Amino acid sequence: MLNDKMKILILSPYDNAELRSHLEFKEYNRFVNFFIKKLGLEGKTSSFKDVAPWVGNLIAELEARPDVEIVSVAPHIKLRRKIESFKLGRTTYYYYSSDYSSALRLIKNYQLWKVFQNCGRLVRRIADEVKPDVIILFGTENPIISVPILKLTNYPVFCILQTVYNNPDRAKYSNPSKFKQLLELDILRHVSNYGAGKTHGDLIHKINPYVNVLKYSWPTMRFSDISEPEKRFDFVNFSFSMDSRKGDEDSIRALAIVKKTFPDVTLNITGGYSPDRKKYLEKIIDELELNENISFTPFFENHDDMLRHVMQSSFAVLPIKLDLVSTTVKEAMFYKMPVVTNATKGTPSLNKEKTCVLLAEIENVHSLAEKMLQVMQDPNLAELLKKNAHEFIVQQQEANGKKIDDLILVLNAICDNKNNQTPIPQELFI
């Protein structure tokens, strides 16, 4: 490590409006887009959305340390050049063009797709230029981000798990992509070190018992200071990408039960949707006679704009099914919105010391509706949830320094293991 500074390359989808202002973009060919849509794929537009703010939060926490140097690497469509870079704060940002690899969505065979995609070559070019001491990969499930790691095996790698795509429970709540499952299995054969809690650690050990599952705790987001707006809706369910795993249908069916007590109750659903999924939900809404009670809002390009919109709801109903504790739950807690969510393997920990959220049974819409009615009918409970939840998030934010210290210990151990074959200390394993 040069000058005793650890150079960390972070490979993730991280993107926001401020970062995009440093990039040069090209216009899409309408003729090409026409054929993309004819093939049943989503055409490219001139608008972008903020992605993975939790990675930006990690970068901000790392920037506070004088002993690290950070390089952020992410894909982007419509770049004028194959690779663009700039420096902002203490971090150097690289973006690589993902247009070509995105077009390869037409190839359904994983092994064939892997041969033709070029993201791995672009990321390897960046890595060989910056020469990081260690690479952090965020997640295994995004092909454009995770497949490059297969070409970077000469560097120490730490993969921070966001989910486990081969989780058997996934098939209960969605139609998992065989392509992504094969990609994850490929990565589990090539990458040795993973950051996860016990739940995800146990899942990947069933797939590959020889990988190292090391302690990692996400630094809690430091959210923007947003003034509370006037309330327009009773409930909101929101996510970057909405589907059954986020409980969109459950929140709709639960609202039909709540409506029997509160005929004018409203639910706003904010997030991106596939046309087929939205049509399916609109059919349910029509059958349940909820057209006057439910509205849809597309996901916002700017994350803070989305939060300002979400805060126009009095309560958050977030019946997640696979996430341990989703960022959306934490956002609602910080912004003092009483939260109704599901009892996943992670959410009960939010109530360990005091009640911060109300927990419903997964896929039990009657249980979900019961909790929704509780926050509507009991103002004292709603106020208690607001207070407790906000205090919980603030306490978690105050612990971020310790979490970063622990991360640096893990990264140093991974480097020492890769470079000197020094065993990773046992206390760093989960």
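The values are calculated or read from the model by the stated rules, or taken from the named source; none is laboratory data. What you are looking at is a predicted structure, and each value in this text was computed from that prediction instead of being measured. Neighbour counts run over all protein chains shown; Cβ positions are idealised from the backbone, glycine included. Protein only, heavy atoms only, side chains kept; ligands, DNA and RNA dropped before computing areas. Shrake-Rupley method; radii C 1.70, N 1.55, O 1.52, S 1.80 Å.
Values computed for the structure shown
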| item | result |
| --- | --- |
| Subset of the stretch 281-310 (residues that are closer than 14 Å to residue 255 by Cβ and open to solvent by less than 50 Å² (accessible area, probe 1.4 Å)) | 281, 284, 285, 290, 293, 294, 295 |
| Qualifying residue in the stretch 328-342 (condition: in a loop (DSSP other than H, G, I, E, B), open to solvent by less than 20 Å² (accessible area, probe 1.4 Å) and over 18 Å from residue 379 (Cα atoms)) | no |
| From the options 137, 161, 203, 182, residue that is within 30 Å of residue 250 (Cα to Cα) and surrounded by 22 or more Cβ atoms within 10 Å (Cβ to Cβ) | 161 |
| The stretch 415-429 residues that are of a type in the set (A, V, I, L, M, F, W, C), paired with ones that are in a loop (DSSP other than H, G, I, E, B) (beta carbon under 7 Å, 6 or more apart) | 415/133; 415/156; 428/215 |
| Among (1) of a type in the set (Asp, Glu); (2) touching a residue at least 40 places away in the same chain (Cβ under 8 Å); (3) outside any helix (DSSP H, G or I), the one test that residue 304 misses | (3) |
| Single unsatisfied condition, residue 222 versus (1) outside any helix (DSSP H, G or I); (2) among the charged types (D, E, K, R); (3) more than 30 Å from residue 5 (Cα to Cα) | (3) |
| Filtered residue count, the stretch 51-91, keeping only those that are in a strand (DSSP E or B), farther than 26 Å from residue 305 by Cα and free of Cβ contacts under 8 Å to residues at least 60 places away in the same chain | 2 |
| Single residue of 121, 125 found to be more than 24 Å from the chain's Cα centre (by Cα), without any contact (Cβ under 8 Å) to a residue 40 or more places away in the chain and open to solvent by 90 Å² or more (accessible area, probe 1.4 Å) | 121 |
| Residue match in the stretch 94-101 (condition: farther than 14 Å from residue 12 by Cβ and modelled with pLDDT under 90) | yes |
| Checking residue 148 against (1) surrounded by fewer than 19 Cβ atoms within 10 Å (Cβ to Cβ); (2) more than 15 Å from the chain's Cα centre (by Cα); (3) over 24 Å from residue 423 (Cα atoms), the condition it does not meet | (1) |
| Criterion (within 21 Å of residue 17 (Cβ to Cβ), touching a residue at least 12 places away in the same chain (Cβ under 8 Å) and not polar (S, T, N, Q)) met by exactly one of 110, 95 | 95 |
| Scan of the stretch 212-236 for residues that are over 23 Å from the mean Cα position of the chain (by Cα) and open to solvent by less than 30 Å² (accessible area, probe 1.4 Å), ordered by number | 233 |
| Pick from the stretch 244-253, criterion open to solvent by 30 Å² or more (accessible area, probe 1.4 Å) and in contact (Cβ under 8 Å) with a residue 40 or more places away in the chain, ranking: farthest from residue 417 (Cα to Cα) | 253 |
| Near pairs, Cβ below 6 angstrom, 6+ apart or cross-chain, from the stretch 174-186 (in contact (Cβ under 8 Å) with a residue 60 or more places away in the chain and at negative phi) to any residue that is open to solvent by 60 Å² or more (accessible area, probe 1.4 Å) and assigned to a helix (DSSP H, G or I) | 174/245 |
| Inter-residue pairs, beta-carbon under 7 Å, first β-branched (Val, Ile, Thr) and in the stretch 390-409, second assigned to a helix (DSSP H, G or I), 6+ apart | 393/330; 393/333; 393/334; 404/61; 404/62 |
| Selection count where residues are outside any helix (DSSP H, G or I) and open to solvent by 90 Å² or more (accessible area, probe 1.4 Å), scope the stretch 373-430 | 2 |
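Per-residue answers, yes or no, for (1) within 22 Å of residue 370 (Cα to Cα); (2) out of contact with any Asp or Glu (no Cβ under 9 Å at 6 or more places or on another chain); (3) open to solvent by 50 Å² or more (accessible area, probe 1.4 Å); (4) not small (Gly, Ala, Ser):
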residue: 263; (1), (2), (3), (4): yes, yes, yes, yes
residue: 270; (1), (2), (3), (4): no, yes, no, yes
residue: 279; (1), (2), (3), (4): no, yes, yes, yes
residue: 314; (1), (2), (3), (4): yes, no, no, no
residue: 320; (1), (2), (3), (4): yes, yes, no, yes
residue: 346; (1), (2), (3), (4): yes, no, no, no
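A quick yes/no check of all residues on (1) within 27 Å of residue 392 (Cα to Cα); (2) at pLDDT below 95:
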position	(1), (2)
259	no, no
263	no, no
270	yes, no
279	no, no
295	no, no
298	no, yes
302	yes, yes
312	yes, no
331	yes, no
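Condition check ((1) out of contact with any Phe, Trp or Tyr (no Cβ under 6 Å at 6 or more places or on another chain); (2) at pLDDT below 55; (3) open to solvent by 100 Å² or more (accessible area, probe 1.4 Å); (4) of a type outside the set (Gly, Ala, Ser)) across all residues:
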| site | (1), (2), (3), (4) |
| --- | --- |
| 10 | yes, no, no, yes |
| 14 | yes, no, no, yes |
| 21 | yes, no, no, no |
| 36 | yes, yes, no, yes |
